[in-house]
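The values are calculated or read from the model by the stated rules, or taken from the named source; none is laboratory data. Remember, predicted model here, so these are calculated numbers, not experimental data. Cβ placement follows ideal geometry from the backbone for every residue including glycine, while neighbour counts extend to all protein chains displayed. Side chains are part of the model used for accessible areas, which takes the heavy atoms of the whole protein and leaves out ligands, DNA and RNA. Shrake-Rupley method; radii C 1.70, N 1.55, O 1.52, S 1.80 Å.
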Amino acid sequence: MRGILVLVAGALGAAALAGTAAADAAYHTERLELAGLAGAPGGGMVVNVHVNGPQVYAHEIYTLRDAVPGTYQVILNVFPTSLDCTGTALAIPTATLDTNARGNGQADVKFTPEDVAAFRGMTFSLRWTVTGPATYVTGCTVVVLD
C-alpha cells in the first residue's frame, strides 16, 4: 500500500509540473549593460528572460541608476536580417520608464507567445535604446527564438 501511495504522489507531482514554464533551451537569461551616450551620467541594465511559458514567453526588466531624472521610452531594436545589429532595425516600443529625482527607475514588459509568433524559429540580433532626457543603449546581442 505504501508503494502505491508513493507512485500516486509521484505521478501527481509530475502532472502538476507538466504545465509550468521551463527555461528556454535556445536562449538563456541575459543581462546587458545600458551605457549613457554623449556623456550621459549613470547607466543601467536590461535583463532579458525567455521562460517559454504558456502565458509569458519572455520578460524584460529595464533599470536605470543615477541617470538624468525624467521619463524614458524603452525601444527594442530588432535586426531581423543581421547577427551584428547592422542594417534596418524594426523599432518596437516596449515600456515607459520613470526615474525618481536621483535618476533611479525600473520598468518591465512581458511578451506572450502570440506577441512573438512572427519571430519564432528565427535567429537575429537586437539592442535596446532608452531615450528621454538622455539616451542609454545596450550592446548588440544575438537571440534565438525556438
(request) Pull up segment 43-55, narrow it to residues that are under 16 Å from V143 (Cβ atoms) and at pLDDT 95 or above, then point me to the one that is least open to solvent (accessible area, probe 1.4 Å). (result) V46
(request) Mind listing just one residue for me: the one in segment 85-102 that is of a type outside the set (A, V, I, L, M, F, W, C) and not in a loop (DSSP other than H, G, I, E, B) and, of those, least open to solvent (accessible area, probe 1.4 Å)? (result) T94
(request) Check every one of the strands (runs of 3 or more DSSP E) wholly within segment 105-146 and list those with 1 or more residues that are farther than 17 Å from T94 by Cβ and hydrophobic (A, V, I, L, M, F, W, C). (result) 141-144
(message) Let me spell it out: the conditions are (1) open to solvent by less than 20 Å² (accessible area, probe 1.4 Å); (2) in a strand (DSSP E or B); (3) farther than 14 Å from G44 by Cβ, and S82 meets all of them except one. Which number is the exception?
(response) (2)
(message) Please pick out the residue among A21, A107 that is of a type in the set (A, V, I, L, M, F, W, C) and either modelled with pLDDT under 95 or over 16 Å from the mean Cα position of the chain (by Cα) (or both).
(response) A21
(request) Identify the single condition in (1) of a type in the set (G, A, S); (2) under 12 Å from the mean Cα position of the chain (by Cα); (3) open to solvent by 20 Å² or more (accessible area, probe 1.4 Å) that A58 does not satisfy, given that it satisfies every other one. (result) (3)
(message) The conditions are (1) modelled with pLDDT of 95 or more; (2) aliphatic (A, V, I, L, M); (3) surrounded by 18 or more Cβ atoms within 10 Å (Cβ to Cβ); (4) under 18 Å from the mean Cα position of the chain (by Cα), and A67 fails exactly one of them. Which is it?
(response) (4)
